[in-house]
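The values are calculated or read from the model by the stated rules, or taken from the named source; none is laboratory data. As the structure is a prediction and not an experimental result, all values here were calculated from the model. We place every Cβ from the backbone using ideal geometry, glycine too, and count neighbours over all the protein chains shown.
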């Protein structure tokens with residue numbers, strides 16, 4: 001049975017998809033320009049993704065580097081806030097600037113409308129927008145390698161996205177698979193009460209948190225390394241490898257954590273590592289990162305490898321469609337709380353230019369600058 005009164009999509013100038021720090025920074029600049037917009041967020045509360053991470057999580061950026069546009073982060077300089085402090089900050093930010101965040105509103109499909117604009121199907125009704133900013137970031141779908149399926153079904157396995165505290169895991173020997181910042185933080189916490197190994201696929205460069213008594217981000221900002229664009233030769237080199245900030249593998253070893261090479265095989269409770277050595281475990285934490293899911297974006301001209309959206313500094317080939325908050329979107333800091341506003345301001349300029357440009361004219365600024 002069909003309805004004689006089809007649902008009419010609500011219209012806005014701009015739809016922002018995602019209500020994390022990227023989406024909120026975007027909202028700040030859209031409000032500043034007087035545009036009508038909606039921030040659609042699938043979660044039940046502002047800051048939900050931060051609150052859902054493990055209990056002891058600390059930022060590796062000091063308080064003075066965690067500001068959003070127009071509002072300072074409420075932390076003393078050279079202190080390292082926890083996850084709930086970040087979530088509280090995001091909630092306060094929405095209230096202060098009265099940002100129109102719609103919670104429990106997941107966008108299930110985004111396509112071009114008949115008039116050339118965009119139509120978003122959401123769990124709370126359709127939205128029609130002249131322009132769209134996808135601010136869902138890079139941490140969307142937890143990735144667990146297929147090899148995990150070969151382990152004993154009774155063996156407790158968690159992804160770092162669902163790990164909360166050591167109490168989530170049994171007593172005994174635990175493997176943390178993944179040697180980036182999350183894996184190292186979790187392994188260090190578990191080492192206080194468990195026999196822990198960490199499997200490291202590649203040894204990542206490690207930077208101390210406070211070289212010569214100053215926070216690492218002071219040095220990276222002062223030397224301009226934090227602002228090297230990915231379009232440059234140096235930026236291309238730097239973007240190919242992640243960096244661990246903190247004590248690194250040396251500190252883990254000091255706390256009794258065994259360092260293993262890459263996982264290559266698994267059976268029952270036994271995990272085999274590159275080189276052929278193996279060991280039995282009572283639990284595994286897969287700190288193996290996330291995958292980006294752009295399958296719901298049905299705009300063919302922007303799709304590239306693995307169905308992901310192609311862009312240059314967040315600007316896609318589809319006029320009026322942008323990305324925000326991606327790792328190395330423009331610089332090393334593009335996805336970080338205190339710097340995402342830089343890319344948001346850039347995109348706000350693109351959005352405003354597109355609105356005021358004559359039909360068919362070239363409106364985008366040089367996205368590689």
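So, in segment 143-157, exactly how many residues are in contact with a strand residue (DSSP E or B) (Cβ under 8 Å, 6 or more places away or on another chain) and under 23 Å from residue 182 (Cα atoms)? Residues that pass the stated criteria total 9. Restricted to segment 1-116, the set of helices (runs of 4 or more DSSP H) holding at least 3 residues that are touching a helix residue (DSSP H, G or I) at 6+ places or on another chain (Cβ under 7 Å) and assigned by TED's automatic domain parsing to the domain that holds residue 317 comprises 21-32, 83-97.
Table: residues versus (1) in the same structural domain as residue 201 (by TED's automatic domain parsing); (2) out of contact with any helix residue (DSSP H, G or I) (no Cβ under 8 Å at 6 or more places or on another chain); (3) assigned to a loop (DSSP other than H, G, I, E, B).
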| site | (1), (2), (3) |
| --- | --- |
| 251 | yes, no, no |
| 279 | yes, yes, no |
| 301 | no, yes, no |
| 319 | no, no, yes |
| 327 | no, yes, yes |
| 330 | no, no, yes |
| 345 | no, no, no |
| 348 | no, no, no |
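The set of residues from segment 317-339 being touching a strand residue (DSSP E or B) at 6+ places or on another chain (Cβ under 6 Å) and on the phi < 0 side of the Ramachandran plot comprises 321, 322, 323, 324.
Against the definition (under 28 Å from residue 78 (Cβ atoms), in contact with a helix residue (DSSP H, G or I) (Cβ under 8 Å, 6 or more places away or on another chain) and modelled with pLDDT of 95 or more), how does residue 191 come out, yes or no? When the stated conditions are applied, residue 191 passes them. Here is the figure for segment 41-52: residues that are in contact (Cβ under 8 Å) with a residue 60 or more places away in the chain and surrounded by fewer than 20 Cβ atoms within 10 Å (Cβ to Cβ) total 4.
Residues in segment 222-249 that are part of a helix (DSSP H, G or I) and in contact (Cβ under 8 Å) with a residue 12 or more places away in the chain: 225, 226, 227, 235, 238, 248, 249.
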